[in-house]
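These notes are about the structure you will find just below.
The values are calculated or read from the model by the stated rules, or taken from the named source; none is laboratory data. None of the values given here were measured: they were computed from a predicted structure. A quick note on method: Cβ atoms are made from the backbone with ideal geometry, for glycine too, and the neighbour counts reach across all protein chains shown. SASA here: full protein model, heavy atoms, side chains in, ligands and nucleic acids out. Shrake-Rupley method; radii C 1.70, N 1.55, O 1.52, S 1.80 Å.
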Amino acid sequence: MSICIVGSGIIGLSTALAIQDKEPRAKVTLVAESFSPDVTSDVAAGYWRPYLLSDPRTDVLRRWGELTFQHIERLAYREPDTGALWQSGYEMRQDSVKEDFFWKDTVRNYRNISERELHNMGFSQFKSAIFYTTLALEGSIYLPRMLEQFKRNGGMLQHRRLENLDGIGGNYDAIGNCSGLGARHLINDTSVYPIRGQTIRVQAPHIKHFYVFGDDHYVLQNGTSIVLGGTHQDHDWDTSVRPADFDHIWNGNTKFLPALKTAKIIKQVTGLRPGRPTIRLEAESRAVCGKTKTVVH
């Protein structure tokens with residue numbers, strides 16, 4: 001069996017590795033315009049927490065999320081050099097509603113924080129909060145390690161931009177479309193749009209927990225640094241670093257967590273998350289180079 005995976009981000013690479021694990025005799029080729037360290041997954045903090053999802057299918061999202069969580073958990077226990085790590089912390093809310101998130105049973109140690117505890121911590125400007133333990137997967141560590149594993153397993157790489165699926169040729173039995181934003185031009189999926197994110201990476205070893213302050217600010221632990229964010233700007237294709245966004249991120253996070261003021265800034269980065277009204281995970285029979293192929297989006 002010969003399979004082509006389009007896209008080398010965390011979804012494409014993880015899919016290719018999963019196929020190699022399930023079907024060791026399959027010939028798997030990874031085709032992408034960019035590879036690590038030049039993909040969005042290198043920019044992301046890799047923090048496990050369902051985020052920016054408009055998809056209403058909470059049962060499906062819970063199941064997919066649990067499978068992902070379990071995968072990262074196995075990496076954390078068995079392959080710590082892949083960038084997987086545990087982290088605990090606080091998520092602050094501007095409202096006082098104590099409604100639990102649909103993913104509360106996936107993470108560990110999930111509990112509501114009392115108003116007294118919030119006050120004692122110095123976060124009395126927030127109405128409510130939760131504490132939990134989750135996982136992170138540092139893309140800049142995970143991707144290079146897994147790419148080497150993919151090649152050791154016999155996987156092949158093609159470094160080029162595709163204008164459409166015909167560009168991969170007709171010699172594959174199946175195709176995995178893991179192209180993220182590239183799906184707009186690759187398969188004309190105009191429902192995919194960018195959600196621009198800008199972050200600041202800092203060194204602050206004295207920060208021992210993660211913090212999420214409402215919808216606009218977060219402090220996330222990482223294998224090599226701490227990620228301060230962030231922005232979530234829909235339909236924004238700008239990948240430059242904006243001074244105004246830096247001010248928003250830095251001033252907001254240091255206001256809520258003054259201990260960050262002594263942090264050493266390492267770099268500023270931007271990335272374009274692929275957004276969509278619903279997550280697409282489905283198989284399609286599609287003509288590629290005049291032949292009907294199974295394409296899994």
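Is the shape of segment 150-202 best called rounded, prolate or oblate, per the rule: a/c under 1.5 gives rounded, else a/b larger than b/c gives prolate, else oblate, with a ≥ b ≥ c the square roots of the Cα gyration tensor eigenvalues? Judged from the Cα gyration tensor, segment 150-202 comes out oblate (a/c at least 1.5, b/c at or above a/b).
For segment 204-217, 3J(HN,Hα) computed residue by residue from phi via the Karplus equation (6.51, -1.76, 1.60; θ = phi - 60°) reads 8, x, 7, 8, 10, 10, 8, 9, 10, 9, x, 8, 10, 9 Hz, glycine and proline entered as x.
Taking every C-alpha pair closer than 8 Å and separated by at least 6 residues, the mean separation divided by the residue count of the chain gives a relative contact order of 23 percent. With a threshold of 20 Å on the Cα-Cα distance, the over-threshold entries among K208/K255; K27/K293; K22/K291 are K22/K291. Axis of helix 10-22 versus longest Cα principal axis of the chain: the two differ by about 60°, to the nearest ten degrees. For Kirkwood radius over Cα pairs in Å, computed directly from the structure shown, the correct entry in (i) 29.5; (ii) 22.4; (iii) 20.5 is (iii). Dipole size of segment 1-129 about its Cα centre, with +1 on Lys/Arg Cβ and -1 on Asp/Glu Cβ: approximately 320 debye, rounded to the nearest 20. Heavy atoms of the protein chains alone define the surface here; on that basis segment 121-260 has 42 Å² accessible area per residue at 1.4 Å probe size. Would you mind classifying segment 1-73 by shape? Square roots of the alpha carbon gyration tensor eigenvalues, ordered a ≥ b ≥ c; an a/c under 1.5 is rounded, otherwise it is prolate if a/b is larger than b/c and oblate if not. It comes out oblate by the Cα gyration axes.
Our summary gives segment 187-297 a relative contact order of 34 percent, counting only alpha carbon pairs under 8 angstrom and 6 or more residues apart. Taking every DSSP helix (H) stretch of at least 4 residues in the chain, weighting each as -39,500 (n - 2.57) and dividing the sum by the residue count yields a mean residue ellipticity at 222 nm of -8000 deg cm²/dmol.
Protein heavy-atom surface of the chain, 1.4 angstrom probe: 50% of the accessible area is carbon and sulfur, with nucleic acids and ligands not counted. Measuring nothing but how far apart in sequence close Cα pairs (under 8 Å, 6+ apart) lie, relative to its length, segment 53-156 scores a relative contact order of 33 percent. Restriction of the chymotrypsin sites (Phe, Trp or Tyr not before Pro) in segment 202-296 to DSSP coil positions whose beta-carbon has at most 14 other beta-carbons within 10 angstrom yields W237. Cross-link partners of K127 among lysines, defined as those whose alpha carbon lies under 16 angstrom from its own and excluding same-chain residues fewer than eight positions apart: K98.
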